[in-house]
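Here is the structure we will look at.
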Amino acid sequence: MRQLIIQVPQGQGKVVLDIANSHKGANLAQLAAKGSDEAIDVVIVHISNREVEGFLEQLQDLPKVHITLIPTGVMALRPPASEAAQQVVNVEERSPIEIFLSGLQSVGSWRGFLGYAAMAGVVVWIGLYTNTAYLLVAAMLIAPFAGPAMNTAIATARGDYQLLGRSLLRYFTALLVTIVTAWLLSLILRQEIPTSLMVESSQISTVAVLLPLAAGAAGALNLVQSERSSLVSGAATGMLVAASLAPPAGIVGMASALGRWDMVISGLFLLFLQLCGINFSASLLFRIYGLSTQGTRYQRGKKLVFRSALVMTVIALAGLLTWQFSNSPNLERSSRAQRANTEVQKVVEQVGLAKLVESNVRFTRANIQGQNTLLSVVYVQKKPEVTASNEEISSRLTQAIQTHLLKQGFNLTPLVDVNVLETPASKP
């Protein structure tokens, strides 16, 4: 439920009360007051979120109407006292006009916005450079990417080309500041090789598109839900959006300084994939919850802009996914490594000379020209009944694993190291 304070010329307060009653207003009050140049009526209204936009639409025809919308939930209790519990549990979603106006309010100062983007670049660089994963989480908390991403979705749903342009400008400016910050730090501190966390974070899964789709939906739900009905904080959903943007931005900057263009391409792919996925799911959810091209106190939305922006988002998303799956394994190394690890374990079982202890399969940090190097380090334990030597077991397993991986069509060069471990000798 929202509280609104309406100021109208003297004599119009009764009209406002009648309109509020028609929208099931609660705890209404009318006061006589003196405005800056004339006598006025001040009407205090408490109305459900669902009724706010319709209520505002009817007020527009009144002369010299001033409206103060308080964007926080209130509990309007009324007799009988026994129904208090029922009166406060009926929590509704925010009205479309409130969602839109809150998005406009977030397009604020550039100085603080760019400051957060730069600090996110510093923190994400430290995390990637020192292989400290929790610092990536810290960078996600301060990265200001969630606001522009959500405003882009709001602008798409509303068909507002002005807000869409401003939101995209802020989005790419923030990313550029974060990228340049990471790039400068790598140059100044003379980083020479990518760290293991950089390599790990730059590897893309075949299901990478699910993260921005989930982030966009979660961000939209957080903005739509009333603050008292949301089980998840805005900081948490903002972090989810930044989780798909901060590490790739840092990798693009650091990899550019190192000349690792394969990692730069992976990072840029992720950044564009995140924007398209977030915008697609969030804008559709906003439309479902009532945001449209025309509404109360909002007339600049265009259906053509909404349709064009959504179609361009879908085309871009489809193009990125087509590129990902046609450029294997460069843009799906994480999934390929996991599948290869499964195949390695199958081969060890099929050969039957030893029992698998552990297998580690990953794409290497080194960038060997002309090949996608997959390193497989396998630890096995010789079976008691097997008479073959450790060297023979290692050789046969190595050949079997390499042959099998090549036959699977993974488009990679498997380098395999099989270590045969001995059980400790029993005590006499």
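The values are calculated or read from the model by the stated rules, or taken from the named source; none is laboratory data. None of these values were measured; they are calculated from a predicted model. Positions of Cβ are backbone-derived with ideal geometry, glycine not excepted, and every protein chain shown enters the neighbour counts. To get the accessible areas, we keep the full protein, side chains included, count just its heavy atoms, and leave off ligands, DNA and RNA. Shrake-Rupley method; radii C 1.70, N 1.55, O 1.52, S 1.80 Å.
Summary of computed values
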{"item": "Percent accessible area from carbon and sulfur atoms, the chain, protein chains only, probe 1.4 Å", "result": "58"}
{"item": "The stretch 10-62: Cα Rg divided by the 2.2 N^0.38 Å rule of thumb", "result": "1.14"}
{"item": "Solvent-accessible heavy-atom area per residue, rounded to whole Å², over the chain at 1.4 Å", "result": "49"}
{"item": "DSSP-defined antiparallel bridges as percent of all bridges, the stretch 352-428, nearest 5", "result": "50"}
{"item": "Positive-end residue, the stretch 141-232 charge dipole about Cα centroid, Cβ charges, pick of A155, N222, M198", "result": "A155"}
{"item": "Relative contact order of the stretch 123-169, pairs being alpha-carbon contacts under 8 Å that are 6 or more residues apart, as %", "result": "26"}
{"item": "The chain - mean residue ellipticity at 222 nm from DSSP helices (-39,500 (n - 2.57) per run, n ≥ 4, rounded to 500)", "result": "-18500 deg cm²/dmol"}
{"item": "Rg and Dmax [Cα atoms of the chain; Å; Rg one decimal, Dmax integer]", "result": "29.5, 106"}
{"item": "Packing rank of 350-362, 381-393, where each peptide gets the mean count of other beta carbons within 10 Å, highest leading", "result": "350-362, 381-393"}
{"item": "P(r) histogram, all alpha-carbon pairs of the stretch 272-344 included - 5 Å bins from 0, percent", "result": "3, 14, 16, 17, 13, 10, 8, 7, 5, 4, 2, 1, 0"}
{"item": "Most to least packed among 41-48, 185-192 [average Cβ atoms within 10 Å]", "result": "41-48, 185-192"}
{"item": "Rg ratio (alpha-carbon, reference 2.2 N^0.38 Å) - the stretch 285-387", "result": "1.98"}
